[in-house]
Amino acid sequence: MIQVDFEKGNGLVPAVVQDVHTGQVLMLAYMNEESLQKTIETKLATYWSRSRNELWVKGATSSHYQHVKEILIDCDNDTLLLKVEQDGAACHTGKYSCFYRTIEGEEIL
């Protein structure tokens, strides 16, 4: 079984969240061992809130749950990719994806 390297990130790993049907990136969150285990058990995306210092099930207050269909891990074992079916919006702003703004300017070209 593949072991996630939680040590590199002081107990946390980034989790990129992607729509399983369209491939659209919905958000980035962080997971610890407990949130990953809960996600695997319930098939509902569960993350670690760095600001509240607690577990949170995405959708618990908004009903915008993320139903996890697949979890992939990168080649360094320190980043996860969750492919989900998203209920409603993934972003707290009400947008489907957190990535809806474009940075413009010559400095990024």
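The values are calculated or read from the model by the stated rules, or taken from the named source; none is laboratory data. Keep in mind it's a predicted model, so treat the numbers as computed, not measured. Cβ sites come from the backbone with ideal geometry, for glycine too, and all protein chains shown count toward neighbours. Remember, those area values only see protein heavy atoms, side chains included, never the ligands or the DNA or RNA. Shrake-Rupley method; radii C 1.70, N 1.55, O 1.52, S 1.80 Å.
For Asp5, the residues whose modelled amide H falls within less than 5 Å of its own, excluding neighbours fewer than 5 places apart on the same chain, are Asp78.
Here the Karplus curve 6.51 cos²θ - 1.76 cosθ + 1.60, taken at θ = phi - 60°, turns the phi angles of region 74-89 into couplings of 7, 5, 9, 6, 10, 9, 10, 10, 9, 9, 10, 9, 8, 8, x, 8 Hz, with x standing for Gly and Pro. Here's how it looks for Gly59: its modeled amide H is under 5 Å from those of His64, which are all 5 or more places away or on a different chain.
Between the amide H of Leu26 and those of Val17, Gln18, Asp19, distances stay under 5 Å, these residues lying 5 or more places away or on another chain, with hydrogens modeled in the peptide plane.
Using the Cα gyration tensor of region 36-102, with a ≥ b ≥ c the square roots of its eigenvalues, what is the shape: rounded (a/c below 1.5), prolate (a/b larger than b/c) or oblate (neither)? Note, shape of region 36-102 comes out rounded.
When the Cα positions of Leu80, Thr39, Gln3 are compared along the charge dipole of the chain, Thr39 comes out farthest toward the positive end, with charges on each C-beta of Lys, Arg, Asp and Glu. Just check region 65-109 against the gyration tensor rule for me: Cα atoms, a ≥ b ≥ c as the square roots of the eigenvalues, rounded for a/c under 1.5, and otherwise prolate or oblate depending on whether a/b exceeds b/c. Taking the square roots of the gyration eigenvalues as a ≥ b ≥ c, region 65-109 is oblate.
Each Lys or Arg adds one and each Asp or Glu takes one away; over the other residues whose Cβ falls under 14 Å from the Cβ of Leu81, this sums to -3. Couplings 3J(HN,Hα) for region 13-25, derived from phi with the Karplus relation 6.51 cos²θ - 1.76 cosθ + 1.60 (θ = phi - 60°), are 10, x, 10, 7, 10, 10, 5, 5, 8, 9, x, 5, 6 Hz, where x marks Gly and Pro.
Treating only the Cβ of Lys, Arg, Asp and Glu as charged (+1, +1, -1, -1), what charge dipole size does the chain show about its Cα centre? Round to the nearest 20 debye. List each step's numbers first, then the result.
Values: 10 positive and 16 negative charges, 94 e Å.
About 460 debye.
Summary value for the chain: 26 percent relative contact order, contacts being C-alpha pairs under 8 angstrom separated by 6+ residues. Ranked by solvent-accessible area (1.4 Å probe, protein heavy atoms only, all chains present), the residues His92, His21 order from largest to smallest as His92, His21.
If you sort the three axes of the alpha carbon gyration tensor as a ≥ b ≥ c, you get a/c of 1.5 or more for region 1-81 and a/b no higher than b/c, which makes it oblate. Among the protein heavy atoms, those of Leu81 account for about 50 Å² of accessible surface (1.4 Å probe, every chain in place). What the phi angles of region 50-62 give under the Karplus curve with 6.51, -1.76 and 1.60, with θ = phi - 60°, is a coupling list of 6, 7, 9, 6, 7, 5, 9, 8, 4, x, 4, 9, 9 Hz, glycine and proline written as x.
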